[in-house]
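Undergrad: Just dropping this structure here.
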Amino acid sequence: MQRQLHDRLKNAILDGSLAPGSRLPGSRALAEALGISRNTVTATYEHLAAEGYVRPDRQGTRVAELSSPAPSKRERAGKQAGTPATAQRLARILPSASRADMGAALRPGVPALSHFPLAAWRRSLERAIRGGGCAALGYGDALGEPALRAAIAQHLSVARGVRCEPRQVVIAEGAQEAISLCVRLLSNPGDTGWVEDPGYRGAKAAMHAGDMRIVPMRVDAEGLCVSERDWRKHPPRLVYTTPSHQYPAGSVLSIARRLELIAQARRHGAWIVEDDYDSEFRHTGEPIVAMQGLVDDAPVLYVGSFSKTMFPSLRLGFLVLPERLVSAVQAPLEEMLRGGHRHEQLAMADFIESGQFSRHLGRMRRLYRDRQQALRLALEKHFEVPHEIDGGHCGMHLTVRLPGRFDDRRIAAEALRQRIAPTPLSGFAMRPMPSDNGLVLGYGNTASELFAPLVTRLSQLARASEPGGV
């Protein structure tokens, strides 16, 4: 009863029904009128006074003068149809394809969740909880648990050729936060950032949120394309690239372009953000060494995450800082970040150090290699429209390029209604070209035996998207 009375009086004050300065009925009179206890009315008035809605004085209880009264019901109704005022930068962050139904078939970026070794992970969590105890419930090191930073540094040194010490590793909530940290630490509003085109939308969102000026750079079979003219015309502060497995085209940045990019970045005072996307899942030949370790003191910030190698909801990523940046950014990072997810971080360190992580990666490489080959075979047999396939040497997706007469966005939208979730290739481009038309097909979380019927259905949807198609 007290809550009901409080809410009704508060709403009457906010919508102007009870005008500022007006006197409320005495507690005894209102109690008698409503047939409730006087104590209920008294407690309600005291609560309203504590919140500042009313002010008691010798003459009774009066409605306070609110400095910013809420709009009336009519004004609120009129504003509901309008667009709320937000930061202007948000208008530049375009929505991606629907994120609904994350379990839909052929969705890119989702690992084989049913193959994750939950029992081994549970044991790592239990050891982390026993070892960390109640102390790990508090705030930890802002840059991440020392055990995990050391485990990551060791793993990257062996598996990816990254040159780093644990003190250079910063733990983040996924690769997206790590990219955002690069923007916040190294750029100012109005600075120029280069992104691959077509390329990862999250990098563009991070740069837009930092009020950067984004310049899309084309990619080809050798990865990011950069000319001398580009460096002269719009020199960047940050260069974002996925050199080991370009997302979504799947190309590998050639060694000549890697070394040239590093040399030009040094010359122009730029920083390279290397997102080592899907590099752990190379299907042919030896792993491609990370750019970060190619030369001494490279101007490269190395970004990675466990979303694909472990599972997406873990939300653990990392940023490897160049040695010369560590001292300059440590104090700001300690103010910007708060140590959290400590048991999960300790469990991840245990999972790596126990050898479970390497064994899991080996199993997943074999699984994804087999699924990639099965998807290629299904496309060859059942995708009865002209197409070209990009990628396949790494990762968990293939990109199928289509002639312009096939509407990739329409195909993807129709497929999603049937719980098939390819992503339209054109949606990754800021300046789409005719070649940026196609479908990005994820095979990580889809069983091989489903590929034939799924590809057959996509072929039908593609034909229906043609002008005059049914």
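The values are calculated or read from the model by the stated rules, or taken from the named source; none is laboratory data. Keep in mind the model is a prediction, meaning the values are calculated, not measured. Because the Cβ atoms are built from the backbone with ideal geometry, glycine has one as well, and the counts that use them run over all protein chains shown.
Undergrad: Which members of the range 263-281 meet the condition of being charged (D, E, K, R) and within 23 Å of the chain's Cα centre (by Cα)? Reasoning before the result, please.
TA: Residues of the range 263-281 charged (D, E, K, R): 266-267, 274-276, 278, 280.
Within the range 263-281, Glu274, Asp275, Asp276, Asp278, Glu280 qualify.
Undergrad: Follow-up question, since we're still on this one. In the range 185-238, how many are among the basic types (Lys, Arg) and more than 21 Å from the chain's Cα centre (by Cα)? Working first, answer last.
TA: Restricting attention to the range 185-238, the residues satisfying the condition of being among the basic types (Lys, Arg) are 201, 204, 213, 218, 229, 232-233, 237.
Restricting the remaining residues to those that are more than 21 Å from the chain's Cα centre (by Cα) gives 218, 229, 232-233, 237.
Total satisfying the criteria: 5.
Undergrad: Condition first: over 27 Å from the mean Cα position of the chain (by Cα), assigned by TED's automatic domain parsing to the domain that holds Val158 and assigned to a helix (DSSP H, G or I). Can you find one or more residues in the range 249-256 that meet it?
TA: yes
Undergrad: If you go through the range 141-184 one residue at a time, how many are crowded, with 19+ Cβ neighbours inside 10 Å, within 18 Å of the chain's Cα centre (by Cα) and not in a helix (DSSP H, G or I)?
TA: Counting residues in the range 141-184 that are crowded, with 19+ Cβ neighbours inside 10 Å, within 18 Å of the chain's Cα centre (by Cα) and not in a helix (DSSP H, G or I) gives 3.
Undergrad: Filter the range 313-329 down to the residues that are touching a strand residue (DSSP E or B) at 6+ places or on another chain (Cβ under 9 Å) and part of a helix (DSSP H, G or I), then identify the one that is surrounded by the fewest Cβ atoms within 10 Å (Cβ to Cβ).
TA: Leu325
Undergrad: Okay, moving on. So in the range 353-383, with the set limited to residues that are under 28 Å from the mean Cα position of the chain (by Cα) and aromatic (Phe, Trp, Tyr), which one is nearest to Gly438 (Cα to Cα)?
TA: Restricting to residues being under 28 Å from the mean Cα position of the chain (by Cα) and aromatic (Phe, Trp, Tyr), the top hit is Tyr368.
Undergrad: Which residues, taken from the range 289-315, are of a type in the set (A, V, I, L, M, F, W, C) and under 15 Å from His155 (Cα atoms)?
TA: Those that are of a type in the set (A, V, I, L, M, F, W, C) and under 15 Å from His155 (Cα atoms): Val289, Ala290, Val303, Phe306, Met310.
Undergrad: Any residue in the range 104-116 that is of a type in the set (Phe, Trp, Tyr) and without any contact (Cβ under 8 Å) to a residue 60 or more places away in the chain?
TA: Applying the first criterion (of a type in the set (Phe, Trp, Tyr)) to the range 104-116 yields 116.
Restricting the remaining residues to those that are without any contact (Cβ under 8 Å) to a residue 60 or more places away in the chain gives none.
No - not one qualifying residue is present in the range 104-116.
Undergrad: Something else about it: Taking the criterion of being without any contact (Cβ under 8 Å) to a residue 24 or more places away in the chain and either among the polar types (S, T, N, Q) or not assigned by TED's automatic domain parsing to the domain that holds Lys308 (or both), would at least one residue in the range 399-406 satisfy it?
TA: Within the range 399-406, the first condition is being without any contact (Cβ under 8 Å) to a residue 24 or more places away in the chain, and the residues that meet it are none.
No, the range 399-406 has no match at all.
Undergrad: Which residue is nearest to Lys308 (Cα to Cα), if the candidates are limited to the range 150-169 and must be touching a Lys or Arg at 6+ places or on another chain (Cβ under 8 Å) and in contact (Cβ under 8 Å) with a residue 24 or more places away in the chain?
TA: Initially, the range 150-169 is screened for residues touching a Lys or Arg at 6+ places or on another chain (Cβ under 8 Å), giving 157, 166-167, 169.
Pick out the ones that are also in contact (Cβ under 8 Å) with a residue 24 or more places away in the chain and you get 167, 169.
Numbers: Arg167: 24, Val169: 19 Å.
My answer is Val169.
Undergrad: So, in the range 272-297, how many residues would count as being under 23 Å from Val326 (Cβ atoms), of a type in the set (A, V, I, L, M, F, W, C) and surrounded by fewer than 22 Cβ atoms within 10 Å (Cβ to Cβ)? Break it down into steps so the answer makes sense when it comes.
TA: Taking the range 272-297 and keeping what is under 23 Å from Val326 (Cβ atoms), we get 272-276, 289-297.
If we keep only those that are of a type in the set (A, V, I, L, M, F, W, C) as well, we get 272-273, 289-291, 294-295.
Filter once more, so that each one left must be surrounded by fewer than 22 Cβ atoms within 10 Å (Cβ to Cβ): 289, 294-295.
Residues in the range 272-297 being under 23 Å from Val326 (Cβ atoms), of a type in the set (A, V, I, L, M, F, W, C) and surrounded by fewer than 22 Cβ atoms within 10 Å (Cβ to Cβ): 3 in total.
Undergrad: Please work out if Arg365 is part of a loop (DSSP other than H, G, I, E, B) and surrounded by fewer than 20 Cβ atoms within 10 Å (Cβ to Cβ).
TA: Values: part of a loop (DSSP other than H, G, I, E, B): no; surrounded by fewer than 20 Cβ atoms within 10 Å (Cβ to Cβ): yes.
So Arg365 does not fit the description; no.
Undergrad: How many residues does the range 111-141 hold that are of a type in the set (A, V, I, L, M, F, W, C), at pLDDT 95 or above and touching a helix residue (DSSP H, G or I) at 6+ places or on another chain (Cβ under 8 Å)?
TA: 7
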